[in-house]
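The values are calculated or read from the model by the stated rules, or taken from the named source; none is laboratory data. The model shown is predicted, which means the values in this text are computed figures rather than measured ones. Cβ sites come from the backbone with ideal geometry, for glycine too, and all protein chains shown count toward neighbours. What goes into the accessible areas is simple: the full protein's heavy atoms, side chains included, and nothing from ligands, DNA or RNA. Shrake-Rupley method; radii C 1.70, N 1.55, O 1.52, S 1.80 Å.
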Amino acid sequence: MPYDDDEEPPPPKPAPPARPLRLAKHHNSEAPLAANDQKVLLELTGPSSAASRAALDLVAVIDISYSMIGNRLNGAKKALSFIVSKLTDRDRLSIVQFDDEATRVCPLRRVTEVARSDLEALISGLNVGGSTNIEAGLSTGVAVVGDRRFTAGRAANIMLLSDGQENIGNARRVEPGNVPVHAFGFGADHDSKLLGAIASKSLGGVYNFVPDSDDPAKLAKAFSRILAGLVTIVAQDLELTVTPVQGEATIKKVDAGTYPADPVGDGSSPVTVRFGTLSGEEARSVVVELALSDRTADLRTYRANVAKVLHRFTTAQGQPVTSDPELITIKRGRKVVGTADAPPPVETEVVRLKHVETIQEAIAKADDNKIEEAWNILVEALNKLVEARRRLLDPILGELQKELMKLLELFKTLDIYQKQGRHYAMAAAASHSRRRSTERGDEAAGPYDTERVNKYREQAQMAGERPPSSAAEEEEIEEMESAVPRTPGNGDRRTLSLALRLLTAVLSLLAISVMASARTTGWAGDYYSRYEPYRYNVGVNVIICFYSVVQASVETRRPVSSMLQTTSCYCITLFLDQASRASAFLNPAQFAVLAYLLMSASAAAASGHHLLVSRFGKERFNDKIHVAVWFSFLAFLTLSGNALISMANLFSRI
């Protein structure tokens, strides 16, 4: 039967202009003239604000077979109630139930205040029935999406809630098309291979593991991860196209996880990767391996345009957007010998993608009852990851290391693997291959959790104590914030912070060098006591220089793993910036305080300088000290600027 009775959505309300997606390119800046291969990391990131997000058409396909009796069905009901509370009157929800056969409980209906009560009553009335026919339920859900009359600017998604014990039909035969299917497997005995295959077959869908629990709030938290992304979709039909420049390069390989990409062929044609939807703060990444042509016949050094990149997407208002092409440029010359290692962000992404392959290899071995071989694969991967983490210093590698250690526990025996290990491993692999937050059954924070994910998980946990804020209230706040003139965002602050930290390190190093080289024969009789204030100043500058270099190193790696920067990270950074500023001027009786005195009272600094000249006479020593103190003073100013940036980062997170 046709399902073309979806309720007409309200007229679109005025929304702030859609913010552009941010494209980051990471690659070597130089390459030799001889033929060589170069890896390029391309990363698309959505804006942090979702004030202009797409309206949602969500179809919840819920298993009411007898095996769902008890906490499983109650938890699914609580999750659906939480979903209803987070949707607005421009979103639409349809519920499909299935046991032996599928029934559409309600058509796609706007979630107004009146409809909210009706939907809650329908959810409460769900009761267990007979066998499990996932194929029928999923087919009905896909048909509800496909038969819609109103589709412009609307993001369609399916949530499949089941214990996966299919005993009628074959759900693998269902073709979801471009509709993401997010599968939730309930309990230790569900068929994660089936549900994982259903999710991976769809464009952008992910598999999630929901363990048995007596606490319905824990089950609701599992759904909050996916829901947070669905109500913050800022781009649909997202594609990224890489075109090699003829005569300069060909494409050898494109790795985008499990997102579909055009075949590379002979490498001379454009390759397009299809991502589907992108939510606020989410990122999608592609590693492109280029084969640079042999240009040894050229005697000159030149800047080679080896490829161009553009992306396309549909806005929340249904308008298609195509970005301007951006060139990938590499300097090629005879002085460049050999092929340098890829930049740290590229190597980190390669390690992350290899991590997915490792998990998939371990799953294949364990499913073949070769649990020891699977365990050995994970051990070998862990050893390599520890080495890569020491070399690359990226926070996400620490998260991957923790995950491998968790997997080693879940792959100890075949029994543990079958009850928990496979489910956890498949959810982890889905998360990394899609770069989306997934539920793995351990309630731990994930490397791709956004601020909205964290907020929704907290609200799901507190749902029994206080009602969660509605999505309408949250959107009103975001719209008010978007109306405020835009200030420099995290990316702008990150660039400025990196520049200031490098400048602080250079100024401190100059202060150390100049002051350490200053000597005078006039103090020969009392050398150590007279030089004591200067040694203190040198020591403080050494600390500040080292601290600034470390922080600059962290900043250079933050674009790839910015999702790991938590509020506590910014608190620590702000504390260290303030502490570093304060430590330079703890003792106002010593000359290290000149950096502070030059800011507050130049007269006091001049008085100290004249006192030295009057006692020992004017010589080159005085000039060096004067210059060194000025360098310390300038380093203080740049570090003060970093403290302000750290404070802005902190207050943007709370």
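General remarks:
- All of (1) within 28 Å of the chain's Cα centre (by Cα); (2) of a type in the set (Gly, Ala, Ser); (3) buried (at least 23 other Cβ atoms within 10 Å of the Cβ); (4) in the same structural domain as Arg457 (by the TED database) hold for Gly46 with one exception: (4).
- Annotation: of all residues in the range 20-54 being outside any strand (DSSP E or B) and touching a Leu at 6+ places or on another chain (Cβ under 8 Å), the one that is farthest from Glu248 (Cα to Cα) is Pro47.
- Within the range 105-128, the set of residues being more than 21 Å from Val231 (Cα to Cα), in contact with a strand residue (DSSP E or B) (Cβ under 7 Å, 6 or more places away or on another chain) and touching a residue at least 60 places away in the same chain (Cβ under 8 Å) comprises Leu126 only.
- When the residues of the range 307-359 are filtered to those that are assigned to a loop (DSSP other than H, G, I, E, B) and among the β-branched types (Val, Ile, Thr), the one that is modelled with the lowest pLDDT is Thr339.
- The set of residues in the range 411-428 that are in contact with a Phe, Trp or Tyr (Cβ under 9 Å, 6 or more places away or on another chain) and open to solvent by less than 10 Å² (accessible area, probe 1.4 Å) comprises Phe411, Tyr417, Gly421, His423, Ala425, Ala427.
- Looking across the range 65-91, the residues that are of a type in the set (Ser, Thr, Tyr) and under 20 Å from Gln459 (Cα atoms) come down to Ser81, Ser85, Thr88.
- Flag not set for Thr258, criterion: surrounded by fewer than 24 Cβ atoms within 10 Å (Cβ to Cβ), in the same structural domain as Thr314 (by the TED database) and farther than 30 Å from Gly137 by Cβ.
Table: residues versus (1) in a strand (DSSP E or B); (2) open to solvent by 50 Å² or more (accessible area, probe 1.4 Å).
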site	(1), (2)
Leu203	no, no
Phe223	no, no
Gly267	no, no
Val273	yes, no
Gly276	yes, no
Leu290	yes, no
Ala297	no, yes
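- If the condition is being assigned to a loop (DSSP other than H, G, I, E, B) and under 25 Å from Gly229 (Cα atoms), then the range 129-157 contributes Asp147, Arg148, Arg149, Phe150, Thr151, Ala152, Gly153.
- Single residue of Arg284, Arg312 found to be within 29 Å of Gln246 (Cβ to Cβ), buried (at least 17 other Cβ atoms within 10 Å of the Cβ) and among the basic types (Lys, Arg): Arg284
- Single residue of Lys77, Lys86 found to be within 35 Å of the chain's Cα centre (by Cα) and open to solvent by 10 Å² or more (accessible area, probe 1.4 Å): Lys77
- Criterion (open to solvent by less than 30 Å² (accessible area, probe 1.4 Å) and closer than 25 Å to Ile363 by Cα) met by exactly one of Val174, Val242: Val174
- Entry remark, the range 428-482: residues being in a loop (DSSP other than H, G, I, E, B) and either modelled with pLDDT under 80 or of a type in the set (Asp, Glu) (or both) number 13 in total.
- Test: Ala188 is among the aliphatic types (A, V, I, L, M), touching a residue at least 60 places away in the same chain (Cβ under 8 Å) and surrounded by fewer than 21 Cβ atoms within 10 Å (Cβ to Cβ): yes
- Test: Val206 is at pLDDT below 90 and touching a helix residue (DSSP H, G or I) at 6+ places or on another chain (Cβ under 9 Å): no
- Of all residues in the range 89-128, those satisfying the criterion of being open to solvent by 10 Å² or more (accessible area, probe 1.4 Å), among the small types (Gly, Ala, Ser) and not in a helix (DSSP H, G or I) are Ala102, Gly125.
- Residue match in the range 7-19 (condition: at negative phi, of a type in the set (A, V, I, L, M, F, W, C), in contact with a Gly (Cβ under 7 Å, 6 or more places away or on another chain) and not in a helix (DSSP H, G or I)): no
- Taken together, Glu399, Glu372, Glu387 contain a single residue that is open to solvent by 70 Å² or more (accessible area, probe 1.4 Å), under 25 Å from the mean Cα position of the chain (by Cα) and not assigned by the TED database to the domain that holds Ser192, which is Glu387.
- Residue match in the range 61-71 (condition: buried (at least 23 other Cβ atoms within 10 Å of the Cβ) and at pLDDT below 90): yes
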